1. In the stretch 300-328, which residue that is out of contact with any helix residue (DSSP H, G or I) (no Cβ under 6 Å at 6 or more places or on another chain) and not in a strand (DSSP E or B) is nearest to residue 246 (Cα to Cα)?
2. When the residues of the stretch 186-201 are filtered to those that are within 16 Å of the ligand (Cβ to nearest atom) and modelled with pLDDT of 95 or more, which remaining residue is farthest from residue 260 (Cα to Cα)?
3. Among the residues in the stretch 313-321, are any crowded, with 24+ Cβ neighbours inside 10 Å and more than 19 Å from the chain's Cα centre (by Cα)?
4. Residue 124 versus (1) in contact with a helix residue (DSSP H, G or I) (Cβ under 8 Å, 6 or more places away or on another chain); (2) free of Cβ contacts under 8 Å to residues at least 40 places away in the same chain; (3) closer than 27 Å to residue 61 by Cβ: which is the lone unmet condition?
5. Evaluate the following for residue 14: is it more than 20 Å from residue 101 (Cα to Cα) and modelled with pLDDT under 95?
6. All but one of (1) at pLDDT 95 or above; (2) out of contact with any strand residue (DSSP E or B) (no Cβ under 9 Å at 6 or more places or on another chain); (3) within 20 Å of residue 246 (Cβ to Cβ) hold for residue 295; state the number of the condition that does not hold.
7. So which residues in the stretch 270-307 are touching a residue at least 60 places away in the same chain (Cβ under 8 Å) and more than 22 Å from residue 227 (Cβ to Cβ), if there are any at all?
Ligand code: GLY
């Protein structure tokens with residue numbers, strides 16, 4: 001099947017400063033334009049996806065790759081995962097240090113599984129963490145980062161600010177007010193992700209994150225977890241093809257299996273926007289699994305498609321979410337900074353929308 005291709009990228013749901021809005025949008029544009037160039041030259045979904053993700057990881061603006069949030073010990077530990085809708089294979093790395101593009105390590109794990117069993121019939125891994133993940137990346141020739149080069153000035157500045165607040169809290173034995181906690185939880189998280197539908201009708205998705213600032217070393221978030229950070233299934237029989245990349249509070253997204261859940265609901269219903277709205281309302285915001293959490297912070301970018309059309313849906317409960325998209329029929333990428341309308345509440349209100357692409 002040869003159809004039109006689509007690329008969609010996000011640079012996270014969280015809080016995006018209005019003063020940097022132009023830079024965020026430019027980055028989404030550059031990533032989409034690169035993806036469409038590649039798809040127009042017949043690159044595959046996975047190859048295009050990894051190139052686009054590397055652009056997002058390499059930009060110091062994003063909390064992924066270089067520029068990642070720092071852990072409690074001031075180190076960079078990255079999570080990333082990728083899923084291929086054709087073979088439904090998945091590769092992921094968690095709490096990975098010292099590798100310039102974590103998505104390359106995740107993709108390499110995916111690729112190695114496609115080669116089949118290891119010697120003596122051993123099962124190839126789909127998810128590696130920490131030193132084991134780093135060793136795997138080295139053994140497969142994936143580029144290492146020079147010491148210190150993944151820590152940006154901005155990441156260090158935020159780290160110092162929050163570390164100082166943390167020690168003041170411990171000295172005063174004071175819990176921050178609910179309002180302050182809510183504002184800060186929107187500030188501290190974001191992630192990058194992308195979805196790519198190639199001109200042969202194969203879809204894939206990915207996500208990459210430096211996690212939450214001051215996270216415990218060794219903490220792994222949704223960006224590395226199966227069914228949580230990304231999900232992809234090619235169109236098959238009477239089911240639409242689908243892919244999703246999520247962003248927000250890793251722990252909440254993990255407990256609600258958000259990426260897979262959104263995809264299952266879209267496949268079960270006729271209207272993708274209504275299906276994502278229902279997932280966020282019933283399976284995330286009102287989920288019994290999150291009943292102890294006062295604010296629910298999540299975002300998702302999703303593409304569904306059949307032989308003729310594709311539909312993009314975005315949704316977030318955070319202050320803002322920035323994303324871009326383009327099809328091989330479009331002249332230029334579209335980018336959007338979606339912000340909760342005034343009067344709505346971060347962690348409670350839901351903002352969502354969508355758009356259609358003609359494929360044939
Ligand atoms: N959104 C980043 C994380 O929770 O890991």
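1. 317
2. Looking at residues that are within 16 Å of the ligand (Cβ to nearest atom) and modelled with pLDDT of 95 or more, I get 192.
3. No, the stretch 313-321 has no match at all.
4. (3)
5. yes
6. So residue 295 meets the others, but not (1).
7. Across the stretch 270-307, the qualifying residues are 294, 295, 306, 307.
Residues checked against (1) touching a helix residue (DSSP H, G or I) at 6+ places or on another chain (Cβ under 7 Å); (2) touching a residue at least 24 places away in the same chain (Cβ under 8 Å):
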site: 41; (1), (2): no, no
site: 44; (1), (2): no, yes
site: 48; (1), (2): yes, yes
site: 58; (1), (2): no, yes
site: 61; (1), (2): yes, yes
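The values are calculated or read from the model by the stated rules, or taken from the named source; none is laboratory data. If you're wondering where the values come from, they're calculated on a predicted model, not measured in any experiment. Quick reminder, even Gly has a Cβ in these numbers, built from the backbone with ideal geometry, and neighbours come from all protein chains shown.
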